[in-house]
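**Q** Sharing a structure below in structure tokens format, with a few things to ask.
Each value in this text was obtained by applying a stated rule to the coordinates, not by laboratory testing. Just so we're clear, the structure is a prediction, and the values are computed from it rather than from any experiment. For neighbour counting, all protein chains shown are included, and Cβ atoms are generated from backbone atoms with ideal geometry for every residue, glycine included.
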Amino acid sequence: MITNFVLVLIIVVMVCLAVGGIRVVNQIERGVVFRFGRAQREVRQPGLTLLIPVVDRMKKVNVQIATMPVPTQECITRDNVSVEVDAVAYFRVEEPLRAAIAVQNYLFAIEQVAQTSLRSIIGKSDLDDLLSNREELNKGLALMIDSPALGWGIHIDRVEIKDVHLPESMKRSIARQAEAERERRARVITADGEFQAARKLADASAVMTETPGALQLRLLQTVVEVAAEKTSTLVMPLPVELLRFFERGSSTRSAPAAEQAARPSEERQPEEQPAVTDPATPELAPPAPSFERSAAEPAAKNGASRTA
């Protein structure tokens, strides 16, 4: 009787121990077994697994991609600008055995490495790179975190800088810079438009110079456009080229008349010219009576009358 009772008790204990040694490993986990405190090389895969009661102890390691936010870090860039930057890291466990025995708490370790790497990468970069070239910074940051994480059996998928907080004074400076840049672009575009318009006007003027009638047609078209507005006052633009056109027309008409007027004058010129005397025999004009001679003649007459 006692023997049967002891036998049944032994069977019950063995069944309880066998049931207690059964473990279930989920699809998202891997099991690392420690036998008498020593890790076994074989990693238990998802499903049912048997452990030796009292001897084996299993630690489950999650192999999903973990998302870890990196706390906001106050950093100074290479061009001495104080910024506050936060990031987010994505990683997963590739070797559960190393993650279980190589590091005490791999989540805390990855968080600390991410913070120090973020400070280091920001200190080596300029503010312009931080604002406009984040892809290169993300790659460099992921490489810096992945270097120590490989020894822990962890792979860093990607690290991204999430937000950058700038001081208010720096925001105002950036706003002024952006405004100046947009004003410069506007002036360049305006100057380019004026240059193209001037070139087109030069081409149009060349065409109008070759065909003077095109200028008159353009003037008539302008008159039609102005008259379509139903205004009481009509402004007639009179270009200088049109005056030159009329001037050329009047000059061509006055040229024959001037030639005809010049011909009779040329015919009359030989008749009106005085005869040319011989320079060898010049004519001597009689000497004019002088004032003394005219005064002496009456005095001589008076003397003659007295003697008589």
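**Q** Which whole-angstrom value gives the distance between the alpha carbon centres of the stretch 111-156 and the stretch 7-73?
**A** Taking the Cα centre of the stretch 7-73 as reference, the centre of the stretch 111-156 is 35 Å away.
**Q** Still on this structure, I have one more. Going by average Cβ density within 10 Å per residue, which order do the peptides 120-128, 216-224, 141-149 take, highest to lowest? The partial results should precede the final answer.
**A** On the way: 120-128: 16.8, 216-224: 12.4, 141-149: 19.1.
Ranked from most to least packed, the peptides come out as 141-149, 120-128, 216-224.
**Q** Quick one: grab the alpha carbon gyration tensor of the stretch 20-60, order the square roots of its eigenvalues as a ≥ b ≥ c, and give me rounded if a/c is under 1.5, else prolate or oblate depending on whether a/b is larger than b/c.
**A** Because a/c hits 1.5 or more and a/b fails to exceed b/c, the stretch 20-60 counts as oblate.
**Q** Could you tally the net charge around MET68, taking each other residue with its Cβ under 14 Å from the Cβ of MET68, Lys/Arg +1 and Asp/Glu -1?
**A** That sum, taken over residues with Cβ under 14 Å, equals -2.
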